[in-house]
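Below is one structure; the comments refer to it alone.
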Amino acid sequence: MTRAALYYDPLFLGHDTLTHPESATRVSSCLQLIEESGLGRRLAQPPCRDATVEELARVHRPEHIERIKRLSAQGPLMVLPDTIANTGTYAAAVRAAGACLAATEAVVHGEYESAFCLARPPGHHALAAAPMGFCFFNSVAVAARHARTALGLERVAIVDIDIHHGNGTQDVFYEDGSVLYVSTHQYPYYPGTGHWREAGQGEGRLTTLNLSLPGGCGDAEYAAVFDEVIAPKLRTFRPELILVSAGYDAHFADPIDGSLMRLSCAGYAALVSKTRDVASKVSSGRVVLALEGGYDLTALPWSVRNSIEVLLGEDITPDPLGLAPLSGGRPPDIEGLMRDVRELHGL
């Protein structure tokens, strides 16, 4: 088995957002570093595919899918104050969801142990009937639903490490006990959801786990919540596949969000390593990462590179940014939050 695969398609560059920070340069800069470092030669690079309307409709309403197609044809168009559609948006979004589907299929079928989807536009804010927060289709949610309905898995976990709460993903699975959604995010912050008390309902009770972190958390705090809360929850749930919404905008250098959190590239790599370690014990090592946020054109490529090195079982290459600069304040106290979440979830 090839250890890891990279899913990328030039169509992702066709989602032209003009001067918007969620730009094509995000993925092209990552691809450049992957190739220049020689990492690309150690990865399988299979083709992506489009998600079908039927596959998208397991998460999104048909009228939403048709609306995004229609708006894309009219681009450039501000569909929301923060979200641009253009003539290549629909094709890119359908291919991004398809990349996650293809990666999930390959990993579940044993072609690769893990995969990284270097895809855009991102997806975790996209709602069943509306775009939101740079997102049009919720690629990771589509992949999770596909794993359940078409690939026959009984339990799937999604770990969301973006600085923003994946409200769209939570909404899809809030009453679904077969999909565990875990999110580490700053709270309160955009989009305003994801308090730790939000834990699912009905059959999905306690299969949503939110770590609503205060601003200023860095490598140590993120490592603690993973070791003391997320890993035990994953081991208890025993998913057959772990999908990761890999948002790198909690990096300290991020121009949009980095001053709020203090993760480093190495800190992100540690989270991926911890996820892979749990997967090796509960899901036959099956892990699929899909790009969400991250807007600094040094921090993002290096975080992606380090994450892929982890998937390959290699030592990470030190990045040029290093650790977050020292600040005069004390690190955030998250002990109470972790205690409350562990108590709620019986951990």
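The values are calculated or read from the model by the stated rules, or taken from the named source; none is laboratory data. Fair warning: this is a prediction, and the values are worked out from it, not measured in the lab. Glycine also receives a Cβ, built like all others from the backbone with ideal geometry; neighbour counts cover every protein chain displayed. What goes into the accessible areas is simple: the full protein's heavy atoms, side chains included, and nothing from ligands, DNA or RNA. Shrake-Rupley method; radii C 1.70, N 1.55, O 1.52, S 1.80 Å.
Past the 24 angstrom mark, what percentage of all C-alpha to C-alpha distances in segment 98-239 do you count? The answer is 29 percent, as a whole percent.
Pop out the carbon and sulfur fraction of the accessible area of segment 1-157 as a percent, whole number, probe 1.4 Å.
Using a 1.4 Å probe with all protein chains present, segment 1-157 comes out at 53 percent carbon and sulfur.
Listed peptides 332-341, 99-108 appear in the order 99-108, 332-341 once ranked by packing, highest mean of other Cβ atoms within 10 Å at the front. Judged by the mean number of other Cβ atoms found within 10 Å, the most tightly packed of the peptides 310-322, 183-195 leads the ranking 183-195, 310-322. Which helices, counted as full DSSP H runs in the chain, have an axial Cα extent of no less than 27 Å and a Kyte-Doolittle average of -0.5 or above? Taking the DSSP H segments of the chain (at least 27 Å long, mean hydropathy at least -0.5), we get 89-108. Would you please classify the overall shape of segment 263-347 from the alpha carbon gyration tensor, given that a ≥ b ≥ c denote the square roots of the eigenvalues, rounded means a/c under 1.5, and beyond that prolate means a/b larger than b/c while oblate covers the rest? In terms of gyration-tensor shape, oblate. Ranked by the mean number of other Cβ atoms within 10 Å per residue, highest first, peptides 288-294, 114-120, 128-134 order as 288-294, 114-120, 128-134. The distance linking segment 59-109 with segment 193-241 is 28 Å (Cα centroid to Cα centroid, whole angstrom).
Ordered by 1.4 Å accessible area with all protein chains kept, K281, K233, K69, K274 run largest first as K281, K69, K274, K233. Once all protein chains are placed together, W302 keeps about 40 Å² accessible to a 1.4 angstrom probe. Over segment 1-78, accessible surface divided per residue gives 52 Å², non-protein components excluded, 1.4 Å probe. Rolling a 1.4 Å probe over the protein heavy atoms gives segment 156-280 an accessible area of 28 Å² per residue. Scanning residues 5 or more positions from V244 or on other chains, those with amide H under 5 Å from its amide H are V159, V288, L289, A290, with H placed 1.01 Å from N in the peptide plane. Ranking L323, L33 by solvent-accessible area of protein heavy atoms (1.4 Å probe, all protein chains present), from largest to smallest, gives L323, L33.
Couplings for segment 153-167, taken from phi via the Karplus curve 6.51 cos²θ - 1.76 cosθ + 1.60 with θ = phi - 60°, read 6, 8, 9, 10, 10, 10, 10, 10, 10, 5, 5, 9, 5, x, 4 Hz in order; Gly and Pro are left as x.
Residues whose amide H comes within less than 5 Å of that of L209, counting only those at least five positions distant or on another chain, are Y181, V182, S183 (H built at 1.01 Å from N in the peptide plane). Estimated from helical segments only, the mean residue ellipticity of the chain at 222 nm is -10500 deg cm²/dmol, where each DSSP H run of four or more residues counts as -39500 (n - 2.57). Taking the centroid of alpha carbons for each part, segment 247-321 and segment 112-173 are 17 Å apart.
For the chain, DSSP calls about 10 percent of its internal beta bridges antiparallel. Evaluated on segment 1-93, the Kirkwood hydrodynamic radius is 15.0 Å, with distances taken between all distinct Cα atoms. Taking the Cα centre of the chain as origin and assigning +1 to Lys and Arg Cβ atoms and -1 to Asp and Glu Cβ atoms, the resulting dipole is close to 520 debye. Here the scattering of segment 165-258 is modelled by Debye summation over its C-alpha atoms, one equal scatterer each and no solvent; at q = 0.17 Å⁻¹ the log10 of I(q)/I(0) is -0.76.
Ligands, DNA and RNA left out, the accessible area of segment 239-347 computed with a 1.4 Å probe is 50% carbon and sulfur.
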